[in-house]
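What follows is a short report on a single structure.
The values are calculated or read from the model by the stated rules, or taken from the named source; none is laboratory data. As the structure is a computational prediction, the values presented were derived from the model and not from experiment. Virtual Cβ from ideal backbone geometry, glycine too; neighbours counted across all protein chains shown. Areas reflect the complete protein model, heavy atoms only, side chains present, ligands, DNA and RNA absent. Shrake-Rupley method; radii C 1.70, N 1.55, O 1.52, S 1.80 Å.
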Amino acid sequence: MSGFLQIERLQRRFFRFAGSLLHIPYTQRNYKSVATRLRLDSAVNRRHSLNLQFLKNILSGKTDSLTLL
């Protein structure tokens, strides 16, 4: 199992646990109610945002791209 899928699986477990603890309705397919209540982005959204930020930093020279080679 890839690292990304493991993170998604762990996040779903956390949302299920937090939802039951805080009495927030949770379904396996839709954990947005818990994420919204806790003000947390999904792992997919966080990864996308971090990828864009990383690319922006490379293009602006804030990240040394020579070290990546």
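Only one of the numbered conditions (1) closer than 22 Å to Gly3 by Cα; (2) open to solvent by less than 100 Å² (accessible area, probe 1.4 Å) is violated by Ser20, and that is (1). Here Asp41 clears all of (1) more than 11 Å from the chain's Cα centre (by Cα); (2) open to solvent by 80 Å² or more (accessible area, probe 1.4 Å) except the condition numbered (1). Given the criteria open to solvent by 70 Å² or more (accessible area, probe 1.4 Å) and under 18 Å from Arg9 (Cβ atoms), does Thr27 qualify? Answer is yes for this residue.
Picking from residues in the stretch 1-38 that are under 21 Å from Leu50 (Cα atoms) and aliphatic (A, V, I, L, M), the one that is nearest to the chain's Cα centre (by Cα) is Ile7.
Within the set Phe14, Phe4, the sole residue that is open to solvent by less than 80 Å² (accessible area, probe 1.4 Å) and among the aromatic types (Phe, Trp, Tyr) turns out to be Phe4.
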